[in-house]
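Notes follow once the structure below has been shown.
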Amino acid sequence: MNEELKNILLRVRELYLKYGIRSVTMDDISHELGISKKTLYQYVTDKNDLVGKFIDNEISIRKEEICSCLKSGFNAIEELVEISLFMNKLMRGQNPVTDHDLKKYYPHYFQKTIKTRREGIYQYILSNLKKGKEEGLYREEMDEEIIAKFYISRIEGIQLNDIFSVEEFTSMKHFRELLIYHIRGIATSKGIKELEKKIEKINL
């Protein structure tokens, strides 16, 4: 992807996250970017193509951001706290209108984001669980594949039901309780001590 297209997609991202996808027309985008529609169509064939490139770029951005969270030297619990904080921030920055438009009007791209997100979270959690076992922070008898699937199911279940409002499930209070609930269920006594130190340090 060339730099000009990346810059276009970053500006499109701002518009989509602010106004949703359906209401933003190609005319709006060319006007906002200060370029002609003819120039815009040198990079995309139509709005469907633009949405597809936007989704691919979002996936790429997320991968880079997640990698930047995983600093060397972190143990499994420190790593899990950092990535969970990032995911919480990500959810708070989402616009429900954008997600609704994607699901309703571009279902193939919506399914692509769901599939990519599930696979990414599953692989990350699986790796984290194995690392925690090796460090003696997580229970040795735990089945990491089952727990990784539980983790994804719980996160998606919270987002897709109406028990919690968006404000509630993205609040730091909710985040703290969910994180403690998850780690205490899989941690050894050594892991629980590490969790308590981490929670106190970041002052959630």
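When you count the other C-beta atoms within 10 angstrom of each residue and take the mean per peptide, 88-99, 8-19 line up highest first as 8-19, 88-99.
Computed log10 I(q)/I(0) for the range 151-204 at 0.19, 0.20, 0.26, 0.28 Å⁻¹: -0.72, -0.78, -1.03, -1.09, from the Debye equation with unit scatterers placed on every C-alpha and solvent omitted. Taking the three principal axes of the alpha carbon atoms in the range 70-202, the coordinate ranges are 48, 28, 27 Å, sorted in descending order. Modelled spin labels at Glu145 and Asp28, positioned 7 Å past Cα toward Cβ, are 4.5 nm from each other. Dimensions of the range 1-159 based on its C-alpha atoms, expressed as ranges along the principal axes with the largest first, amount to 60, 31, 23 Å.
About its Cα centre, the range 70-202 has a charge dipole of approximately 220 debye under the convention of +1 per Lys or Arg Cβ and -1 per Asp or Glu Cβ, with nothing else charged. Per-peptide packing, taken as the mean over residues of other Cβ atoms within 10 Å, places 23-36, 53-66 in the sequence 53-66, 23-36 from highest down. Computed from the C-alpha gyration tensor, the three semi-axes of the ellipsoid equivalent to the range 51-143 are 30, 14, 11 Å, from longest to shortest. P(r) for the range 1-57, from all Cα pairs and a bin width of 10 Å, is 23, 67, 10 %, short bins first.
Evaluated over the range 27-72, the count of Lys pairs having alpha-carbon atoms less than 18 Å apart is 6 (only pairs 8 or more residues apart or interchain). Here the Kirkwood formula, the inverse mean of 1/r across different C-alpha pairs, assigns the range 38-77 a hydrodynamic radius of 12.5 Å. Put the Cα centre of the range 10-30 next to the Cα centre of the range 61-121 and the gap is 21 Å. For the range 133-177, GluC sites (Glu not before Pro) meeting the loop criterion (DSSP other than H, G, I, E, B) and having at most 16 other Cβ atoms within 10 Å: Glu135, Glu140, Glu141. Taking a virtual spin label 7 Å from the Cα of Gln111 along the C-beta vector, which residues in the range 23-62 bring their backbone nitrogen under 16 Å of it? Counting only backbone N, you get 52. Full extension of the segment from Asn48 to Arg13, taken as 0.36 nm per residue of separation minus the current Cα-Cα distance, would add 11.2 nm.
A short reminder: the numbers here are calculations on the coordinates, not readings from a lab. Keep in mind the model is a prediction, meaning the values are calculated, not measured. As a convention, Cβ positions derive from the backbone with ideal geometry for all residues, glycine included, and neighbour counts pool all protein chains shown.
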